[in-house]
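Inspection log for the structure reproduced underneath, given as structure tokens.
The values are calculated or read from the model by the stated rules, or taken from the named source; none is laboratory data. All values derive from a computational prediction rather than experimental measurement. With ideal geometry, Cβ positions are generated from the backbone for all residues, glycine too; neighbour counts draw on all protein chains shown. Surface areas here come from the heavy atoms of the whole protein model, side chains and all, with no ligands, DNA or RNA. Shrake-Rupley method; radii C 1.70, N 1.55, O 1.52, S 1.80 Å.
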Amino acid sequence: MNGTKKKKPWRKRLKRLIVLLVVLGLGVGAVRLFVWPNLQASATTTYGSYTATTGTISNSMSFSGNINVKNSETFTSSAASTVREIYVSEEQEVQAGDRLMRLTGGQTIEASFDGRVNEISVEEGDEVASGATLIQIVDFNNMTVSLRVDEYDISSVYVGQECTVTVTALDLTFDSQLTHINRIASSSGGTAYYTVTAEVSVTDDVLPGMQVTVTIPEEEAVDAVILNKDALSFDETNSAYVLMENDAGEMERVYVETGVDNDNYVEIVSGLSDGDTVYVVEETANSATSGLAGLLSGLTGGGGGMPSGGDMPSGNGGGRDFSGGDFSNFGGGGFPGGM
């Protein structure tokens, strides 16, 4: 053997790797310093626009309920007798005082309210026992609605309060008002509920038992400036503002005072007028910037970068572990064998 000492292959690889890292570092620095600011400056911001209008806005409470019969009467025989004469037929409209049926023994049955003959249970000539069901009259036009109001909302409702009743199956809405509050609570899951009754006049196609939604208005603003809530933004103090274009064509903040809010639209008490157009940022993007960001992320370890743990790659799939090891063998420049 001659006296020449061969350099170990892993030291050559390490030198190349370090040089490559230095070059990459200088390249990334140059991109960040010179290219990146220009790309950021060319980013495009897209705005959505909304227009303030004048109208009426209100918010409300909604409850589920059912249609119930208000006036219903089923007539029975007061003694054993025979049905002598029936003056009406089923589905016939009757008025209070109209004769419905006559029995032996002088018993005459008359309607006690305006309504409709819902059912006739006997025929002329039938012999009936005492207490037998004879005929039923129901008022199908003036009904009631029962709804349950929990303990958190009951203080907001009162007798005489206006409301609307929407019949779910028919998509019909009727004006109504609350007529009674049962102040003895029932409980469900630890929450107290109170039964509230409303009276409503309905059409013939609305039947007892149908489900309804009762809507009770809380606040209302008439002839107010109204804006879609999506147009609002909020600063760090939760103060509401909108973006408006100034004379220089730039977007600037305009703070607004809000009022009645129905979750979709909001009353603008001050800050805007009818017809004002406002803007909201929808997107700020630049495809070149996005691509460069991905490149820089890759170069600076943002996923898929250098192996972690200090394992240096070797050409044969092996390597030397420098993690937590002894670096005393590194030459004068801090690199193995010097540079």
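Going by the structure shown, is GLN136 assigned to a strand (DSSP E or B) and under 15 Å from SER201 (Cβ atoms)? So GLN136 does not fit the description; no. Restricting attention to the range 215-250, the residues being open to solvent by less than 50 Å² (accessible area, probe 1.4 Å) and in a helix (DSSP H, G or I) number 1. The residue of the range 176-191 that is farthest from TYR158 (Cα to Cα), among those that are part of a strand (DSSP E or B) and at pLDDT below 95, is SER188. When restricted to residues that are of a type in the set (D, E, K, R), without any contact (Cβ under 8 Å) to a residue 24 or more places away in the chain and open to solvent by less than 60 Å² (accessible area, probe 1.4 Å), the range 99-143 contains 0.
Mind checking which residues of the range 265-281 are without any contact (Cβ under 8 Å) to a residue 60 or more places away in the chain and not in a loop (DSSP other than H, G, I, E, B)? The answer is VAL269, SER270.
Only one of the listed residues (ARG148, ARG116) is in a strand (DSSP E or B) and over 30 Å from GLU220 (Cα atoms). That residue is ARG116. The test for being open to solvent by less than 20 Å² (accessible area, probe 1.4 Å), assigned to a strand (DSSP E or B) and under 26 Å from SER112 (Cβ atoms) holds for ALA198.
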